[in-house]
Amino acid sequence: MKIAMLSPIAWRTPPRHYGPWETVVSLLTEGLVASGLDVTLFATGDSLTSGRLKSVCPRGYEEDREILPKVWECLHISEVFEQGDRFDIIHNHFDYNHTRFFIPGNPAGIP
């Protein structure tokens with residue numbers, strides 16, 4: 001089974017300090033990898049994982065004020081959906097922003 005984990009990009013995954021959602025995504029990702037599943041983490045480029053890491057955003061926007069949150073969030077979300085056909089499951093921990101990428105009539109939301 002191939003799983004995509006979509007993490008927020010406010011902080012690195014796992015976060016250095018604060019970052020509750022990034023912490024949850026990291027714990028789930030590492031547990032799934034340890035169980036032998038094929039997991040790709042979509043997170044910031046400085047994130048750490050035992051699975052595969054895919055990123056478009058180099059650092060969390062809360063750690064680098066030069067990064068424009070909404071611009072990079074859209075790029076980040078679109079990256080996972082552009083590769084959606086490669087995964088059996090896309091596990092979203094990002095928020096509601098991903099809904100703008102759903103295609104009507106496509107219950108899985110995969111383009």
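The values are calculated or read from the model by the stated rules, or taken from the named source; none is laboratory data. Bear in mind that the values here come from a model prediction, so they are computed numbers and not experimental data. Note: ideal-geometry Cβ built from the backbone for every residue, glycine included; neighbour counts use all protein chains shown.
Points to keep in mind about this one:
- In region 19-28, residue nearest to GLN83 (Cα to Cα) [restricted to those that are of a type in the set (Val, Ile, Thr) and touching a His at 6+ places or on another chain (Cβ under 9 Å)]: VAL25
Each row is one residue, and each column tells you yes or no for (1) under 19 Å from PHE87 (Cα atoms); (2) hydroxyl-bearing (Ser, Thr, Tyr).
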{"residue": "ALA4", "(1), (2)": "yes, no"}
{"residue": "TRP11", "(1), (2)": "no, no"}
{"residue": "HIS17", "(1), (2)": "no, no"}
{"residue": "ASP38", "(1), (2)": "yes, no"}
{"residue": "SER47", "(1), (2)": "no, yes"}
{"residue": "ILE67", "(1), (2)": "no, no"}
{"residue": "TRP72", "(1), (2)": "no, no"}
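- Candidates in region 11-28 are the residues that are among the hydrophobic types (A, V, I, L, M, F, W, C) and at pLDDT 95 or above; of these, the one that is nearest to the chain's Cα centre (by Cα) is VAL25.
- Region 62-108: number of residues that are at pLDDT 90 or above, touching a Lys or Arg at 6+ places or on another chain (Cβ under 9 Å), closer than 16 Å to PHE42 by Cα and not hydrophobic (A, V, I, L, M, F, W, C): 4
- Within the set PRO111, PRO58, the sole residue that is closer than 20 Å to THR40 by Cα, at pLDDT 95 or above and surrounded by fewer than 18 Cβ atoms within 10 Å (Cβ to Cβ) turns out to be PRO58.
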